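*Asks:* Let me begin by handing over the structure; questions about it come next.
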Amino acid sequence: MRVVGKEPLPPASNQPTAANLEAADLFMAQLRGLCGGPRRYFPKGVYRYRSHEEADLAVLAFVARDMANLMIEREHGAGKVRA
């Protein structure tokens with residue numbers, strides 16, 4: 001079997017290494033970027049969906065709204081699309 005685009009996982013150990021700490025820090029920074037900061041893809045709150053398809057549509061709507069806001073900010077410098 002050939003896997004494309006996946007990095008091999010480092011061997012598991014109880015001792016922290018510099019590479020593992022850097023990877024964890026990068027992962028946490030990316031997570032914070034999804035929910036906070038100037039770009040907020042997912043609004044705060046708890047959301048319940050009846051199906052995976054409904055959840056996927058909601059995520060798509062969140063991302064589309066944020067992309068529209070980004071385009072407006074780049075073109076006009078201000079203003080936001082209300083959801």
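The values are calculated or read from the model by the stated rules, or taken from the named source; none is laboratory data. Everything numeric here is computed off the predicted structure, so don't read it as measured data. Methodologically, a virtual Cβ is constructed for each residue, glycine included, from the backbone with ideal geometry; neighbour enumeration extends over all protein chains shown.
*Asks:* Which condition number does F27 fail, the rest of (1) aromatic (F, W, Y); (2) assigned to a helix (DSSP H, G or I); (3) at pLDDT below 75 being met?
*Replies:* Exception for F27: condition (3).
*Asks:* Evaluate the following for Y49: is it assigned to a loop (DSSP other than H, G, I, E, B), modelled with pLDDT under 80 and surrounded by 10 or more Cβ atoms within 10 Å (Cβ to Cβ)?
*Replies:* no
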